[in-house]
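These notes concern the structure reproduced below.
The values are calculated or read from the model by the stated rules, or taken from the named source; none is laboratory data. The structure displayed is predicted, hence computed values, not measured ones. So basically every Cβ, Gly included, is an ideal-geometry build from the backbone, and we count neighbours across all protein chains shown.
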Amino acid sequence: MSLDVGEADGEGLDRSTDALGDAFYPVFQFLFDEDGDFVADVGTKLEQARMPATVELYLSRAIAIGVIAGGVLWLLGTLLAWGIFELGLVSPDAVSIGLPAPDAATAAALKSLTVPAVTLVSGVVFGAIGFGIGFGSLVAVPYSKASGRKREINMLLPDAISFMYALSVGGLNQLEILEAMGRADDTYGEVAKEFQSIVRETEYFGIDYRNAIRNQAMATPSDELSQFLTDMLSIVNSGGDMEQFLDDKKEKHLRTAKQEQETVLETLELFGEMYMTLSLFPLLLIIILVIMSMLGQAQQELLYGTVYGLVPLTGVAFLVLVSTVKQDEPGDGYLQPSNSSDRLQQVNREGLIHMGLIESFVGEFRIFERIRSREGTYKTGQLLRNPHHFFRDHPLYSLLLTVPAAGALLAVAVANGAAPLEWQGMLDNPVWGTFVWWYVPVYVIGVPLAAFHTWNVRSRNAVVGKLSDNLRKLSSANDTGQTLLESVETVASTSSGKLSEEFEVMHAKVNYGMSLRSALVEFNNKYHIPRLARTVKLISKAQEASSQITEVLTTAAQASENQDDIERERKSRTRMQVAIILMTYLTLLGVMAILKTQFLDVMSGLSAQAGSSGGSELSGQGLSFGGGVDTDVLSVLFFHAVTLQAALSGFISGYIRDADIVSGVKFVVVLQTIALFVWMVVG
C-alpha cells in the first residue's frame, strides 16, 4: 500500500511540474530562440545526462521554478527592508538616494521617497537573486549529471575495452560483443548503458547497427568513448580485424588511464599547497583579533565567529573542492549476472535477516521453515561468538552500539555533575569540559569505527594484493593445455595468501556440483571490490565460450598490473599531500600553543601588573593592553579551534588518501589526541 502511495505521489509531482512547464511555455518562446545555441546546448546535455525531458519543456519548467523562487525572495526582501525602517533599526536619514536637490521642497520629496525606493530596490535585488538561483540550479542539473557520466565512462573505458577484447578472443562477432557489453551494466556502469542504447536502436527501431554506433558516438558525453566508437565504425565498415583493433585500443587506453591519473595527482598537489594558505588564514585572523582585543578595538563576537564558523567552513569548503577532483572507484563491486541460478540469487541477498538459499524453499514443506529457524539461530550464535568478524565486514554497524554508548556516557556525566552545563563551567575548566563533551564521544565512536574500517580495508586488499601475479600464473597454466578449473587448482596449490585460499574454495565448490561461473561470482561478491569485479567479469564471460583463455587471462593480468601501477603512484603522491596537511596542522597547533603561553599569558600578566601600579608605564605611552581581554575565554576558543581543525584535517587526509571519508576517522583520533595532550600542558 505504501508503495502505491509513493508511486501516486511521484506521478502527482510529475504532473505538477509538467503543468508548470506547460503554463510557462509561452514565456520560454518569448525569452529564448528555439533554434539558438543555448537551447541546443541544454538539449544536448539533457540527452547526455539521460534525462527524459524535451528541452522546451525543461527550460519552461526552469523558468517556472525561477519565477516562484524569485517571487518568494522578492517578498522576503521587501518585508526585510520595510521591517528595518519600521522597527527603527535604520533611520531614513541615514540613507541617501544621492540626487542633488535644488530647493527644500525637492529635498523633502526625495527624503519621503527614500523608504519606498530602498524597499523596492531590495525586493528587486532579492527577486533577481531568487530567480537566478531557481532557474540556474535547474539548468545546471543536466550539466552536472552529464559531467558525472563522462567522468565514470572515462574511468571504466580501459577495462570495458579489455572486456570487449576478451569477448572477441572468445569468438563472438561484432553484434554479440555489443549485446554482451550492454548487459554488463553491473560492472561497467555508464559505459554499458551507452552500448545499451546502440542495441536498443538496433532491436526496437530497426536502425542498422552501423548507424546506431554513429549516433551514439555523437550523443555520448565522453570524447574518449566517442573517438573509440568512431574508430570502431571505420573497422566495421572496412571489414577490418576487430580483435586486433580492440587489442590496440586496449593498450592505448591503459596508457591514457595512467596519464589521467597523473593529471589528477598534480591537481591534488596544487590543492595541498592551497590548503596551507586556507588553513592558516583563520589562525592569522585569530591573532589579529586577539591583538585588537588587547587594544580594546575588537568585538569578542568576531572571535566566536572565526572559531566556530570560519574554521569549520574553511575545512568543509576544501573537502568539497577536493571531491570535485578526487576520483571515486565507480561501482559497488557486486556482480548480478543475468540468467543466474536461484541459489546464486539467494546467496547474494543473504544478510542479517535474509537466510540465503533456504528462503527459496520456505512455504513448500514445514521442514524448510524449521531449517530456516535453525539457520537463524546458527547465524545469531556465530554473531555473538565472533562479533568482531561481523563488525570487520560491516564497520558502520559499529555505530549502532557506539553512538548509544557515547550518549549514555554523556548522560551519566551530566547526571553526576561531571559535565559542565553552562559556559562559565567550560571557562573554569576548559580541558575537562571539552574532553567530556567532545573527546569522549569521538573516542567511543571513532576508535572502534577506525579499527574495524582499517581491518576491513586490509582484509579486502589482501585479496587483490597478489591478483596480478596469480593471473599470470593462471595464464601460464592455461597455456600448457590445462582447463581453467585445473589452472585454478594448480595456482591454489603453488601459491600462498588469501587469494590462493579462495581458489581452493572455488575448486571445491565446482567439484561439489556448482558451475565455475557461479563460484567466481560468489567469490567476488564476498569481497565486492570494483576492481576485482571487473576482473572476474572478464574471466567468467570468456570461460563460457572456452576453457582455453590464455590471451584473456593475459589481458586481465595486464589490466591488473596497470591498476597496481596507478595505485602505487597514487599512494606515493597522496602520501605527500597527507604529510603536508598533517604538518600544516601541527604547525597551527604549535603556533596556537605558543600564542597561549608566550603571548597571551604574558600580556595578561603585564596588564595585571600595570593595573596594580596604576598603569603609569603603559598608559604614559598612550596604550592600554589587556583592558578588554578575557584570558579564560581566549583559552577555550584556542583549544576549540585546534580541536575543530584536527577533525577537519583528519577527514581531509583520509579522503585525499583513499577517496573515502570514513578512512579519515583514524587521522581524526590521532590528531585530536595530540591536540588534547598539548593543551593539557599549556592550557
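For this structure, a couple of remarks:
- Inter-residue pairs, beta-carbon under 6 Å, first on the phi > 0 side of the Ramachandran plot and in contact (Cβ under 8 Å) with a residue 12 or more places away in the chain and in the range 413-439, second β-branched (Val, Ile, Thr) and crowded, with 16+ Cβ neighbours inside 10 Å, 6+ apart: none
- When the range 157-189 is filtered for residues that are surrounded by 24 or more Cβ atoms within 10 Å (Cβ to Cβ), touching a residue at least 40 places away in the same chain (Cβ under 8 Å) and assigned to a helix (DSSP H, G or I), the ones remaining, listed by number, are 158, 159, 161, 162, 163, 164, 165, 166, 167, 187, 188.
- Qualifying position, being buried (at least 19 other Cβ atoms within 10 Å of the Cβ), at pLDDT below 85, in contact with a helix residue (DSSP H, G or I) (Cβ under 7 Å, 6 or more places away or on another chain) and in a helix (DSSP H, G or I), among 540, 604: 540
- Residues of the range 218-252 that turn out to be of a type in the set (A, V, I, L, M) and surrounded by 20 or more Cβ atoms within 10 Å (Cβ to Cβ), as a count: 4
- The residues of the range 462-502 that are under 16 Å from residue 540 (Cα atoms), of a type in the set (A, V, I, L, M, F, W, C) and under 33 Å from the mean Cα position of the chain (by Cα), listed by number, are 467, 471.
- If the condition is being touching a residue at least 12 places away in the same chain (Cβ under 8 Å) and of a type in the set (A, V, I, L, M), then the range 477-513 contributes 477, 484, 485, 488, 491, 492, 499, 505, 506, 510.
- Matching residues in the range 24-52 - criterion: being within 35 Å of the chain's Cα centre (by Cα) and part of a loop (DSSP other than H, G, I, E, B): 49, 50, 51, 52
- Identity of the residue in the range 58-89, among the aromatic types (Phe, Trp, Tyr) and farther than 18 Å from residue 136 by Cβ, that ends up modelled with the highest pLDDT: 82
- Exactly one residue out of 243, 266, 251 is touching a residue at least 24 places away in the same chain (Cβ under 8 Å), part of a helix (DSSP H, G or I), over 17 Å from residue 584 (Cα atoms) and of a type in the set (Asp, Glu), and it is 243.
- Meets criteria (closer than 27 Å to residue 650 by Cβ, surrounded by fewer than 13 Cβ atoms within 10 Å (Cβ to Cβ) and either under 34 Å from the mean Cα position of the chain (by Cα) or free of Cβ contacts under 8 Å to residues at least 60 places away in the same chain (or both)) for residue 458: yes
- Test: residue in the range 462-475 that is touching a residue at least 40 places away in the same chain (Cβ under 8 Å), of a type in the set (Ser, Thr, Tyr) and surrounded by fewer than 16 Cβ atoms within 10 Å (Cβ to Cβ): no
- Of all residues in the range 543-559, those being assigned to a helix (DSSP H, G or I) and either of a type outside the set (Gly, Ala, Ser) or surrounded by fewer than 22 Cβ atoms within 10 Å (Cβ to Cβ) (or both) number 9.
- Candidates are the residues of the range 414-434 that are closer than 19 Å to residue 670 by Cα and surrounded by fewer than 20 Cβ atoms within 10 Å (Cβ to Cβ); the one that is modelled with the highest pLDDT is 432.
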